[in-house]
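**Q** Once you've had a glance at the structure underneath, I'll fire off some questions.
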Amino acid sequence: MIEVQNLTKSYGPIAAVQDVSFHVAQGEIVGFLGPNAAGKSTTMRVLAGYMPATSGTARIAGFDVATDPLEVKRRVGYLPENVPLYPEMTVRGFLRYAASVKAVARDRIGAEIDRVLEHCGLADMGRRTIRNLSKGYRQRVGLAQALVNSPPVLILDEPTVGLDPRQIIEIRNMIVSLAAQHTILLSSHILPEVAMVCGRVLIIHQGRLVAEESMASLAGAGAGMIIEIEATGDEAAILEALRAIAGVEDAKREGADRYVVHAKPGADPRVPIGRALVSGGIGLRSLTTRQRTLEDVFVESITKEPRPAGASDAERESA
Amino acid sequence: MHGMWAVCRREFASYFITPMGYIVVGAYTLITGLGFVASFLYFSRITRSPADFNYPAVPDLEEVMLSPYLVFTGQVMLFLAPLITMWLLAEERNRGTMELLLTYPLRDRDIILGKYLASLGVALVMMSSVAVHLGIVAYYAPVEPAVLIFGLLAVFMMSAAFLSIGLFVSSFTRSPVSAATISFGAFFVSYVLGSLGKDLAEGNPAPDAWPEQARLAVGFFYRVFRQLVLELPIDAHARNMAQGIVEPQDIAYYLLVTGFFLFLTFRVLDARRWRAVS
């Protein structure tokens, strides 16, 4: 549904997005992750047709963003970051405008507005002036305008930023409920949120795509076990003891008396670790495993050096 | 087409959801109303004793009262047009709604013409007060219909030209206040230059003692400058039309100015495609 090939966008000498390629299949919810200023918004703006790419191509539903912008815009519902709205309009008035701009047939406009209001939990808010709405409701209005005319593709730039936890849950549920009819690309820097909503994540850092992982592979095998240890004693001695164990890939201190061990794929070094620490005279308080989380992938991806372009191409082809 | 009307409707409605539309229409109605009463009182004083005003007999109502009044209403538009146009594109950019506008399935022409038509609509609402004034005149005095029709047309075309320039200025500014300031400044300079033009004598200002080449050069540039000052100001071409005298070049002037600035607006909006920073 969304195909991006070698997309590059420069602002003058600064390259905001460099050589990014990815695909989003129909019906997928894909999370776009990255630290602030990583190039998430820029990529989404190019996809939504707000600005052109410097080089590379982006296609949505088979239409090229650069050469067929109108066809692309007909198929994309876009929620920009910061949710720009017309404060003086009423919710209904604004959605009526969105519907007529998106060429909803005149006799269907009323029903379409009712549908999106209902879907976004705004049923009682139609007559309210946007200026007087809370941040959470504005976010819903932003989402509602993107949903008008049921575009097959939704591009949501930080749909939950600035909301309180309860509102975040509501918006998140709303997004999940949209997955049946829409292909969704959403950006965020809140990791648990993406982990809950998305089937796959793209991690972008300094304008480059550094990782692409499905949530299934994240949770499943392939990567090594992660073991969290709480122990008292000499730090250097503990780390030395941990690293000496056969199944341990790496060990590091993560706080006062807390250590994290990355095991080698397939290995389970928990028993040897316990034995080694206890026999070394170290006070072992706890030893637990945890699954590799999105946070681990994220931190790994953005701390390691960007992959050379040739290598990432090869990986993409093998994938 | 539907996109253009949708943009136009929203834009036009927003003038009257906010106080702006009422302020502009109210100010225009008040100023033109005062102007109408004042010019009528002035004309009635002339009719009582034409000799005091250096007229041999009672002069023509159309020429002495109606036409200057119509040009005046057009000039008032000069002061108020920046208040209409300053919102058009600058406010979209200021609020960030430009991002919505440019990602909706709209062509540039839907956006630009839709907004331009909305501003023309506001100008038409404003001009309804002038139409009422002309109706009053037509009811009490035998006036040629051509004077009324072309008088209104002259005011409308002047407004259309002002609004197209204002829209252009609004297209490259981020804040409505700077849009209004720039377009008002531009209108005011053209207005002052225009009134200056009446005092520029024909002929060559260079002294006779100067060498022939210098005199020719000065004379040439002076002629060009004088012609520009006489022809370029927007109100310069309304005077004849306001008397019911329609010259093709006057109409062409307004169509060209309006078309030219709409064209520039298209270019500015299009610039996002090749500019590095948008």
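Rule-based calculations on the coordinates, nothing more; no lab input. The structure presented is a predicted model; accordingly, all values stated were derived computationally and were not measured. Neighbour counts are summed over all protein chains in view; Cβ atoms, including those assigned to glycine, are modelled from backbone coordinates with ideal geometry.
**Q** Convert each backbone phi in the stretch A:145-150 into a coupling constant with the Karplus relation 6.51 cos²θ - 1.76 cosθ + 1.60 (shift: θ = phi - 60°), then list the ³J(HN,Hα) values in order as whole Hz, x for Gly and Pro.
**A** Once θ is set to phi - 60°, the couplings for the stretch A:145-150 become 5, 5, 7, 4, 6, 6 Hz.
**Q** Please identify the trypsin sites (Lys or Arg not before Pro) of the stretch B:185-278 that satisfy two criteria: DSSP loop assignment and at most 16 other Cβ atoms within 10 Å. Which are they?
**A** Loop-located and lightly packed - B:Lys198, B:Arg275.
**Q** May I ask you to evaluate 6.51 cos²θ - 1.76 cosθ + 1.60, the Karplus curve with θ = phi - 60°, for each residue of the stretch B:259-272 and list the ³J(HN,Hα) values in order in whole Hz, giving x for glycine and proline?
**A** Going residue by residue, I get x, 4, 6, 5, 4, 4, 4, 4, 5, 5, 5, 5, 4, 4 Hz, with x marking Gly and Pro.
**Q** Under 18 Å from the Cα of A:Lys264, which lysines turn up, not counting those fewer than eight places away in the same chain?
**A** Leaving aside lysines fewer than 8 places away in the same chain, those within reach of A:Lys264 are A:Lys252.
**Q** Tell me the mean residue ellipticity at 222 nm calculated for chain B from its helices only (DSSP H runs of n ≥ 4, each -39500 (n - 2.57), averaged over every residue, nearest 500).
**A** Calculated from helices alone, the mean residue ellipticity at 222 nm is -25000 deg cm²/dmol.
**Q** May I pose another question? When the label point is put 7 Å from the Cα of A:Val176 along its Cα-to-beta-carbon vector, which residues of the stretch A:188-218 have a backbone N closer than 12 Å?
**A** What the label zone holds, given the 12 Å backbone N cut-off, is A:193-199.
**Q** Another one. Can you work out the FRET efficiency for the pair A:Ser279 and A:Glu235, with r the C-beta to C-beta distance and R0 = 25 Å, to the nearest 0.05?
**A** E between A:Ser279 and A:Glu235, to the nearest 0.05, is 0.90.
**Q** Please work out the ratio of the alpha-carbon Rg of the stretch A:10-145 to 2.2 N^0.38 Å and round it to two decimals.
**A** The stretch A:10-145 yields a ratio of 1.19.
**Q** Additional query: Given a Förster radius of 45 Å and the C-beta distance between A:Asp107 and A:Val271 as r, what FRET efficiency does 1/(1 + (r/R0)^6) yield to the nearest 0.05?
**A** Given R0 = 45 Å and the Cβ-Cβ separation, E is 0.05.
**Q** Ratio of Rg to Rh for the protein assembly as shown, alpha carbon only, Kirkwood?
**A** Radius of gyration relative to Kirkwood radius: 1.17.
**Q** Sticking with this structure for a sec: Which value in Å does the Kirkwood hydrodynamic radius of chain B take, with 1/r averaged over all unlike C-alpha pairs and then inverted?
**A** Value: 20.7 Å, from the Cα pair sum.
**Q** Trypsin sites (Lys or Arg not before Pro) within the stretch B:75-149: which are DSSP loop residues with at most 16 other Cβ atoms inside 10 Å?
**A** B:Arg107
**Q** On to the next question. Beyond 17 Å, how much of the Cα-Cα pair distribution for the stretch A:68-113 remains, as a whole percent?
**A** 44
**Q** According to a simple spin-label model (label point 7 Å from Cα along Cα-to-Cβ), what is the distance in nm between B:Arg239 and A:Asp164?
**A** Rounded to a tenth, the inter-label distance reads 6.8 nm.
**Q** Can you compute the FRET efficiency between A:Thr57 and B:Tyr140 using 1/(1 + (r/R0)^6), with r the Cβ-Cβ distance and R0 = 51 Å? Round to the nearest 0.05.
**A** For A:Thr57 and B:Tyr140, the calculated efficiency is 0.15.
**Q** Extending each Cα 7 Å along its Cβ direction at A:Ile190 and B:Ser175, get the distance between those two points in nm, one decimal.
**A** Each label point is offset 7 Å from its Cα along the Cβ direction, giving 3.3 nm.
**Q** Could you order the peptides B:4-10, B:190-196, A:294-300 from most to least packed, using the average number of other C-beta atoms within 10 Å per residue?
**A** My ranking of the peptides, most packed first, is B:4-10, A:294-300, B:190-196.
**Q** So what are the ³J(HN,Hα) numbers for the stretch B:239-251, from phi and the Karplus equation (6.51, -1.76, 1.60; θ = phi - 60°), rounded to whole Hz, Gly and Pro as x?
**A** Result, ordered by residue: 4, 5, 5, 5, 9, x, 9, 9, 10, x, 5, 5, 5 Hz.
**Q** Using 7 Å Cα-to-Cβ label points, what is the A:Glu295/B:Trp210 separation (nm, one decimal)?
**A** 8.2
**Q** For B:His2 and B:Arg109 in one chain, what is 0.36 nm times their gap in residues minus the Cα-Cα distance, to one decimal in nm?
**A** 37.4 nm
**Q** Apply the Kirkwood formula to the stretch A:226-290: the hydrodynamic radius equals the inverse of the mean of 1/r over all pairs of different alpha-carbon atoms; give it in Å with one decimal.
**A** Value: 11.3 Å, from the Cα pair sum.
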